[in-house]
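Here the structure comes first, spelled out in structure tokens, and everything after it is commentary.
The values are calculated or read from the model by the stated rules, or taken from the named source; none is laboratory data. The structure displayed is predicted, hence computed values, not measured ones. In this analysis, Cβ positions are derived from the backbone assuming ideal geometry, glycine residues included, and neighbour counts consider all displayed protein chains. Side chains included, ligands, DNA and RNA excluded: accessible areas come from the protein's heavy atoms. Shrake-Rupley method; radii C 1.70, N 1.55, O 1.52, S 1.80 Å.
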Amino acid sequence: MSSTILIVEDEVRLADILEEYLRREGFHTERAATGPRALELWRSARPALMLLDLMLPGMDGLEVARRVRAESNLPIIMLTARDEEVDRLVGLGIGADDYVVKPYSPREVVARVRAVLRRAGGGVDVPTLLHAGPLSVDTAAFEVRLDGTPLEVTVAEVRLLAALAREPGVVRSRTELLAALGGLDRGTDERAVDAHVKNLRRKLGEREGLLDTVRGVGYRLRAEG
């Protein structure tokens, strides 16, 4: 089954946070900021589930949900700004599988996503073993190996490496990596990311170049090294 979640949200900050929490949990993501774009991606990306904001430019979430429901049983979680909107949605019989009222916890949304997917009757293929060149990261066992040799790493270091290893060579900002560490909703300073990277480089020894700094942007994990 597809592990892609389609995030339909026009507030960039909210979409960024949802995307990072979902990716940290092993999901692939696609994003749309308008109703018409959401329908395009629904057809092309074939997601496992849609996170759908109610208020969207171009076409609101109600109309998007109606059009999807006319052709598909795709699981839909509606994102709403007020409790009374949930009553409205239920009364209109839109057929959403769940509703989340803003402001919400990103962790709660991820938990709802997993619950809805389980109810939909299919497991989602979430990778637990990631590879980047000589590094392997096991997110289930919280283990990291370099050329097959286990490294002594913390849970936070495993999470940071996993966020980078999911897409080797792709630069991740400090904000994105902080989300992977679970720090966005606790007010953790982004400098914590730098401290973890420094410790990881020390543990990598001669292979510290695997963790690459991109000035003014963030970090990436080299696919080869």
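Got at least one residue in the stretch 25-48 being at positive phi and touching a helix residue (DSSP H, G or I) at 6+ places or on another chain (Cβ under 8 Å)? No, because not a single residue in the stretch 25-48 is at positive phi and touching a helix residue (DSSP H, G or I) at 6+ places or on another chain (Cβ under 8 Å).
Give the residue, chosen from GLU208, GLU224, that is over 28 Å from GLU108 (Cα atoms), in contact (Cβ under 8 Å) with a residue 60 or more places away in the chain and open to solvent by 50 Å² or more (accessible area, probe 1.4 Å). Give the steps one after another, and end with the answer.
Working: GLU208 fails: in contact (Cβ under 8 Å) with a residue 60 or more places away in the chain.
The conditions single out GLU224.
Applying a threshold of 8 Å to beta carbon distances and a minimum spacing of six or more residues, or different chains, the list of pairs starting in the stretch 108-121 at a residue that is closer than 11 Å to ILE77 by Cβ and open to solvent by less than 10 Å² (accessible area, probe 1.4 Å) and ending at one that is in a helix (DSSP H, G or I) and at pLDDT 85 or above reads VAL109/LEU18; VAL109/TYR21; VAL113/LEU22.
ASP60: of a type outside the set (Gly, Ala, Ser) and within 21 Å of the chain's Cα centre (by Cα), yes or no? No; evaluated as a whole, the condition is false for this residue. May I ask you to list the residues in the stretch 28-84 that are among the acidic types (Asp, Glu) and farther than 23 Å from LEU117 by Cβ? Correct list: ASP60, GLU63, ASP83, GLU84. MET59 meets each of the listed conditions (1) at pLDDT below 90; (2) in a loop (DSSP other than H, G, I, E, B); (3) in contact with a helix residue (DSSP H, G or I) (Cβ under 8 Å, 6 or more places away or on another chain) apart from (1). On the stretch given as the stretch 125-167, residues that are surrounded by 14 or more Cβ atoms within 10 Å (Cβ to Cβ), in contact (Cβ under 8 Å) with a residue 40 or more places away in the chain and over 21 Å from ALA179 (Cα atoms) total 5.
Figure legend. Inter-residue proximity from the stretch 44-62: first residues without any contact (Cβ under 8 Å) to a residue 12 or more places away in the chain, second residues surrounded by 15 or more Cβ atoms within 10 Å (Cβ to Cβ) and not in a loop (DSSP other than H, G, I, E, B), beta-carbon distance below 9 Å, spacing 6+ or different chains. Indicated pairs: SER44/GLU30.
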